[in-house]
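Report on one structure; see the data block that follows.
The values are calculated or read from the model by the stated rules, or taken from the named source; none is laboratory data. On a predicted model such as this, the values are computed, not experimentally measured, just so you know. Glycine also receives a Cβ, built like all others from the backbone with ideal geometry; neighbour counts cover every protein chain displayed. Please note that ligands, DNA and RNA were not included when accessible areas were found on the heavy atoms of the full protein model with its side chains. Shrake-Rupley method; radii C 1.70, N 1.55, O 1.52, S 1.80 Å.
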Amino acid sequence: ERYEGKDIASIKAVAQEPVSTFSVDVDTGSYANVRRFLTQGQLPPASAVRTEELINYFRYDYAAPKDRSKPFSLTTDMAVTPWNNDTRLLRIGIKGFDVPASERPAANLVFLVDVSGSMNSQDKLPLVKSALSMLADRLGSKDKVSIVVYAGAAGIVLDPTNKAGYIKQALDCLEAGGSTAGGQGMELAYATAKANFIKGGVNRVIMATDGDFNVGISSNDGIEAIVKKNREAGVTLTTLGFGQGNYNEAMMERVADVGNGNYSYIDSAIEAQKVLDEEMAATIFTIAKDVKIQIEFNPQAVKEYRLIGYENRLLAEEDFDNDKVDAGDIGSGHQVTALYEVVPTNAKGWMPDRRYAENRVLEP
C-alpha cells in the first residue's frame, strides 16, 4: 500500500508567526482507512493518518446558515487541553449553507469504474457496484449518469441516462479481469463528461478504484496533469478508494485534491451509504471553491500555538488572497473543523528561553 504522510506541523511562536493559513479539507478517507486497520487488530502506518480527516469524519452541532446571503456559519469554543493543563484547545467550526433539493443544479456524472484483475475481490468491485447503485437511487429528474470502465483498455458501458434501473443493470454486468490502464480510463471519462457538459450544472467524474494503475499513464504526475487540465475546463473529480494490500492512497487523495473534489475510502456497505447516500449533496454540489482559512493570534492572549492536522494543506500567509493558489472546495451542508492547541501568554510554553536577551520575547 502506498501513502504520502507529512511530518507533524511545527509549533509557532506568535511573536514571530502570528498568522496561520491553510486550505480546508473535507475528505474523510483517512478515517475509514485507519478504522479498517484497527478493526483488523493492526496499527495503521503513521503516513496513513491525517488527523484533520479523523476530526472531520464526524458531524458536529454547528448552527446552519439561514440563507445564501450568508453561505457559512462560524462557531468557536475553547477548553482546557485534555492532555496538557497548561494549554487550551481552540475549536473553529464552519458549516456551509445546505442547498434545498429543489434548488440544486442538474448533475452530469460519469462513473469511472476500475474492472482490472486487482479489483477481483469481495471488498472491491462487488462493493463498488452496491455503492454506486445507492447513488443512482438519489438522482434528480434533471440528472444524468454515464458509466466508463477500464482494465487493459477503456470503454463506455452506459451512455447518459436518468433511469436508475438502467444504471444498476449496467453495474451488475461488470466483471474484473486484466491489467489497469487508469490514465486511458480517466481520459475517456473526462471526454464523456465534456461531451455531455451541463452549463451551470455539476459536471463530475466519480472514480472507483484501488488506485493500482500499471498500464499507460501511471505516474502520479501524469495522472495529476490530466485532472488539472479538466478541472480548468469545469469538470471536477471525486475518488472512491476500495480494497487493501495494493491500495494506492497517495494517488487517490492527491488527485481528488487537484480535481477540486473529495476523497473517500469505502470499506463497507455502511460507509458507502454514508458517503453516497446520506452525504451525497455535500459530496457533489459545491457551494464554495478554493476555500482558505486564516487565523491571526493576538500576542496579548496567546504565546504559542500549533495547528492539529492539515499538514498537507498548509499555505503561506500571502497565498490567502492569491486566487491562483488552489484550495479545497466545500459542498452543500458541509462542515469543516480545525483544532489549535494554544499556550496562553501567562502559561508555560513548549519552546525554551532564547540565550540572548535581544532574541527573547518580552511579556506584555
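For this structure, a couple of remarks:
- Candidate set: the stretch 108-133, residues that are more than 30 Å from Y310 (Cα to Cα) and small (G, A, S); chosen: the one least open to solvent (accessible area, probe 1.4 Å): S116
- Filtered by the rule that a residue be open to solvent by less than 50 Å² (accessible area, probe 1.4 Å), assigned to a strand (DSSP E or B) and in contact with a helix residue (DSSP H, G or I) (Cβ under 7 Å, 6 or more places away or on another chain), the stretch 150-199 gives Y150, A154, L158, T161.
- Residues located in the stretch 48-69, provided they are surrounded by fewer than 10 Cβ atoms within 10 Å (Cβ to Cβ) and aliphatic (A, V, I, L, M): none
- Top-ranked residue in the stretch 322-346 [being in a strand (DSSP E or B) and charged (D, E, K, R); ranked as modelled with the lowest pLDDT]: D329
- Yes/no for S102 being under 30 Å from G140 (Cα atoms) and outside any loop (DSSP other than H, G, I, E, B): yes
- Within the stretch 288-310, the only residue that satisfies the criterion of being hydroxyl-bearing (S, T, Y) and either in a loop (DSSP other than H, G, I, E, B) or under 18 Å from N262 (Cβ atoms) (or both) is Y310.
- Positions within the stretch 25-35 being at pLDDT below 95 and touching a Lys or Arg at 6+ places or on another chain (Cβ under 7 Å), in sequence order: D25
- Residues satisfying the stated conditions in the stretch 15-25, i.e. surrounded by fewer than 16 Cβ atoms within 10 Å (Cβ to Cβ) and either part of a loop (DSSP other than H, G, I, E, B) or touching a Leu at 6+ places or on another chain (Cβ under 8 Å) (or both): A15, Q16, E17
Let's see how each residue does on (1) surrounded by fewer than 20 Cβ atoms within 10 Å (Cβ to Cβ); (2) within 28 Å of M351 (Cβ to Cβ):
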{"position": "S10", "(1), (2)": "yes, yes"}
{"position": "A13", "(1), (2)": "yes, yes"}
{"position": "D27", "(1), (2)": "no, no"}
{"position": "A46", "(1), (2)": "yes, yes"}
{"position": "P71", "(1), (2)": "yes, no"}
{"position": "T81", "(1), (2)": "yes, yes"}
{"position": "T87", "(1), (2)": "no, yes"}
{"position": "I92", "(1), (2)": "yes, yes"}
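- Of residues in the stretch 225-244 being farther than 19 Å from S264 by Cβ and not β-branched (V, I, T), the one most open to solvent (accessible area, probe 1.4 Å): E232
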